[in-house]
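The structure appears below as structure tokens.
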Amino acid sequence: MAQMTMIQAITDALRTELKNDENVLVFGEDVGQNGGVFRATEGLQAEFGEDRVFDTPLAESGIAAMALGLALEGYRPVPEIQFFGFVYEAMDAISGQIARIRYRSGGTQSAPITIRSPFGGGVHTPELHADSLEGLVAQQPGLKVVIPSTPYDAKGLLISSLRDNDPVVFLEHMKLYRSFREEVPEEEYTVEIGKAEVRREGTDVTLIAYGAMVHSSLKAAEELEKEGISAEVIDLRTVMPIDIDTIVESVKKTGRVVVIQEAQKQAGMASYIVTEIQERAILHLEAPVLRVAAPDTVYAFTQAEEVWLPGYNDIIEKAKQVINF
Amino acid sequence: MVKTDRSMEVVENRHKSLGLSDEQVIEMYRIMLLARRIDERMWLLNRSGKIPFVVSCQGQEAAQVGASFALDRDKDYALPYYRDVGVVLAFGMTTQDLMLQAYAKAEDPNSGGRQMPGHFGQHKNRLVTGSSPVTTQVPHAVGIALAARMEKKDLVSFVTFGEGSSNQGDFHEGANFAGVHKLPVIFMVENNQYAISVPLSKQVACEKISDRAIGYGMPGVTVDGNDPLEVYSAVKEAADRARKGEGPSLIEALTYRLTPHSSDDDDRSYRERDEVDRAKEKDGVLTFASYLRDIGILTEELEKQMNDEISSIIDDATDYAERAPYADADTIYRYVYGEQGGE
Ligand SMILES: Cc1ncc(C[n+]2csc(CCOP(=O)(O)OP(=O)(O)O)c2C)c(N)n1
Ligand SMILES: [Mg+2]
């Protein structure tokens, strides 16, 4: 076992699958010789050659759409969108084309593509470099959307994504890239897509989060414990499809829920999760389900970032509200 | 007026025949030098932790300033990209404005500290704000030209972008529309040979970016982007055509990016040092100064005076920006929608 950061775990997963499957191709802007602007593909071109790991011209719509053509010919493309805010340039390719090929071909063809992209706030990058746009892709049937919160999960989930026969949007929170290390096996392993993980068990309230907000939720749970409140923390890991069974199990136990997302509040993942809970577990609820989310504005400028981003204090506050309801 | 250079060969006055006075070319040089010095100061400020980010104009000032001087800077629109310190200075942005945006202070006229540094925009100087996704400004420039045409306004819409960015669909879509409708747009590619780490050879297969013009039914020319006079002349011709209703032009200015892509980049992993050193010998700021000296209008005295003045302008602007307040975090809620039926 080795101690790895999330970015190292991601590189390791890519290396593992480039070795395992000659149909895996990694491409995007600056991913070749430069090894990616965040170093996610460091050393991969040198190891696997320019045919398998290559730089593309600066054009996202082409990067994503070309992946579909490759996939139809049996490859497993892993295109990178340099920052997820630039996915707007590639939205038709992803949501309009890649996501729908299985349906359109009457099940005779599929698009085993993994679109990797960094996103997320708290590292002082400005709007469109930091936006949480998972809701945009989660709305599209045909796509799976994966967001790991730990190095271990990042490797296992990325390997699963690359082996999946449906397209996966794999979002990497920039704040987690190098924020901590943990034990990551050097050998291959998978983490199942669509399965949440209970990161901390508790009995009084369930905190549901993904990405960087998992860590804020764990911190909130620690603080709540000091006040005698036992919080359970669920890390969704896959935001589409969500693991509703794990959520419902937890709701049955706690009866109280707060859903946390880093994105602005309007029409986001949290709203969807709240609805799923009230449709499936309303009789187990002791209080309305509340949300923690960022305000409905464009991503905040640096000086306002800390104020804008949801923090563990916001989570504590909402947890107390559902408990004292 | 024909002067001689140090080797006593006759140096031709190249600006007079272009209709540029001695004062104008000296002013061109002053803005190029100012842009360079501002950029250098920003790197120092970044490396000392005072400003978050720099994305440089270094190596592209000659193209930026040469082009701007060929436009009517009281009427025309500019849609610059993040390296265009030379363009925005020529269009009236001040050193203080630039420092305020580098520090992302509330008073920054570009966006009140909301935008990434280098995302220039200033309504009063007809500098149209862009955003981070490259090339998005290109169709915007076409829309402005279309509006001008419909309103019978005499203006040219000048838009710049990198050669890597010329691969985006936005370029094709904008250039095509402008070509079909013969709109007064000047598309200028600042070809600095790299898109972050990706060299020109991996970006395009055509020999010259300007070769693309034929596909849009417009003239395309490639000029030496280190020579502000050559760029001036090409842009002047394009502006004259645009004003006469003869349509858009594509101009490729050949330059070289003298710095890493940005303060977050390390270019040693993808380009050789001697390639950069060779490019430095052709640096337009140096070669244009030599020309001006050789024809005798940039005297030692004038040069010293210019350097002193620029240093003090930059010192003052830096001090001012450093002391200026940041935007209040509460203002984040503003400008998402119009307020109270207002603007
Ligand atoms: C749509 C989009 N994709 C990716 C990026 C990240 N990015 C910023 S600058 C750049 C390279 C631009 O190269 P070029 O157009 O040649 O301009 P230069 O920086 O060399 O002046 C890239 C890939 C971006 N800003 N926008
Ligand atoms: Mg370039």
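We did not get these values from a lab; they are worked out from the coordinates using the rules stated. Bear in mind the structure is a predicted one, so any value in this text is a computation, not a measurement. Using ideal geometry, Cβ is built from the backbone for each residue, glycine included, and neighbour counts are taken over all protein chains shown.
Here are some notes:
- From the alpha carbon centroid of the stretch B:140-161 to that of the stretch A:105-162 is 39 Å.
- B:S312 paired with A:D92, simple spin-label distance in nm, labels 7 Å along Cα-to-beta-carbon: 5.7 nm
- Dipole in debye (nearest 20) - chain A, about Cα centre, beta carbon charges: Lys, Arg +1; Asp, Glu -1: 660 debye
- Cleavage-rule hits (trypsin sites (Lys or Arg not before Pro)) in the stretch A:1-79: DSSP loop, at most 13 neighbouring Cβ within 10 angstrom: none
- Dipole of chain A [Lys/Arg +1, Asp/Glu -1 at C-beta], most positive-end residue of A:P141, A:G43, A:M1: A:P141
- Proximal charge balance of A:E17 [Cβ under 15 Å; K/R count +1, D/E count -1]: -2
- Rg/Rg_ref, the stretch B:233-286, where Rg_ref = 2.2 N^0.38 Å and atoms are Cα: 1.69
- Principal-axis tilt of helix A:60-72 within chain A, Cα atoms, nearest 10 degrees: 70 degrees
- Loop-resident sites, the stretch B:202-257, for GluC sites (Glu not before Pro), counting at most 15 other Cβ within 10 Å (DSSP): B:E207, B:E246
- 3J(HN,Hα) from dihedral phi, the stretch B:204-218, Karplus parametrisation 6.51/-1.76/1.60, rounded to Hz, x for glycine, proline: 9, 9, 6, 5, 10, 4, 5, 4, 5, 4, 4, x, 10, x, 9
- Dividing the C-alpha radius of gyration of the stretch B:89-185 by 2.2 N^0.38 Å, with N its residue count, gives 1.17.
- With one equal scatterer per alpha carbon and no solvent term, the Debye-computed log10 I(q)/I(0) for the protein assembly as shown at 0.05, 0.08 1/Å reads -0.27, -0.66.
- Above-threshold pairs, the threshold being 23 Å between Cα atoms, out of B:K153/B:K208; B:K75/B:K282; B:K124/B:K152: B:K153/B:K208; B:K75/B:K282
- The stretch between B:D277 and B:E301, if pulled fully straight at 0.36 nm per residue, gains 5.7 nm over its current Cα-Cα span.
- Debye-sum result for chain A in log10 I(q)/I(0), which assumes one identical scatterer on each alpha carbon, at q = 0.11 Å⁻¹: -0.67
- Straight-line cross-link reach from A:K195 at under 12 Å between alpha-carbon atoms covers these aspartates and glutamates, not counting any fewer than eight positions away in the same chain: A:D153, A:D235, A:D243, A:D245.
- Comparing A:Q139, A:Q303, A:Q266 in a Gaussian network model of chain A where C-alpha atoms under 10 Å apart are linked, the largest mean-square fluctuation is found at A:Q303.
- Quarter of the Cα convex hull surface for the stretch A:279-324, i.e. its orientation-mean projected area (nm²): 4.3 nm²
- 10 Å binning of all Cα-Cα separations within the stretch B:21-158, expressed as whole percents from 0 upward: 13, 42, 33, 11, 1, 0
- Of interest is the spacing of the C-alpha centroids, which for the stretch A:32-50 and the stretch B:184-237 amounts to 29 Å.
- Neighbour net charge for A:G202 - beta-carbon separation under 9 angstrom, K R +1, D E -1: -2
- Whole-angstrom gap from the stretch B:303-343 to the stretch B:99-124, using each part's C-alpha centre: 6 Å
- Principal axis extents of the C-alpha atoms in the stretch B:214-343 (largest first, rounded to whole Å): 57, 45, 40.
- The string of couplings for the stretch B:116-126 from the Karplus curve (6.51, -1.76, 1.60, θ = phi - 60°) is 4, x, x, 9, 6, x, 7, 3, 5, 9, 6 Hz, one whole number per residue in order, with x for Gly and Pro.
- Net charge over other residues, Cβ less than 15 angstrom from the Cβ of A:E187 (K, R count +1; D, E count -1): -2
- For A:K19, the lysines whose Cα falls under 19 Å of its own Cα, not counting residues fewer than eight places away in the same chain, are A:K155.
- Cα gyration tensor shape of the stretch A:8-148, rounded if a/c is under 1.5, else prolate or oblate by comparing a/b with b/c: oblate
- Based on the reciprocal of the average 1/r between different C-alpha atoms, the Kirkwood radius for chain B equals 20.7 Å.
- Helix A:312-323 axis, angle to chain A major axis (alpha carbon atoms, nearest 10°): 50 degrees
- At 1.306 mPa s and 10 °C, Stokes D of the stretch A:43-103 from Kirkwood alpha-carbon radius, µm² per second: 128 µm²/s
- Each DSSP beta bridge with both residues in the stretch B:19-321 is either parallel or antiparallel, and the antiparallel ones are about 10%.
- Considering only A:S161, A:A13, A:S217, the residue lying farthest towards the positive end of the dipole of chain A is A:S217, judged by Cα position with unit charges set on Cβ.
- With θ taken as phi - 60° and the Karplus curve 6.51 cos²θ - 1.76 cosθ + 1.60 applied, the whole-hertz 3J(HN,Hα) list for the stretch B:152-157 is 6, 8, 8, 8, 10, 9 Hz, x standing for glycine and proline.
- Average beta-carbon neighbours from other chains, 10 Å sphere, peptide A:56-66: 5
- A crude spin-label estimate for the pair A:K219 and A:E249, with each label 7 Å from Cα along the Cβ direction, gives 2.8 nm.
- Cα-centre dipole for chain B with unit charges at Cβ (Lys and Arg positive, Asp and Glu negative), debye to 20: 740 debye
- Helix A:151-163 and the long axis of chain A differ in direction by around 50°, with both axes built from C-alpha atoms.
- Loop-resident chymotrypsin sites (Phe, Trp or Tyr not before Pro) (DSSP state other than H, G, I, E or B) in the stretch A:146-221 with no more than 12 further Cβ atoms inside 10 Å of their Cβ: A:F180.
- Charge dipole (debye, nearest 20) of the protein assembly as shown; +1 at Cβ of Lys and Arg, -1 at Cβ of Asp and Glu: 1140 debye
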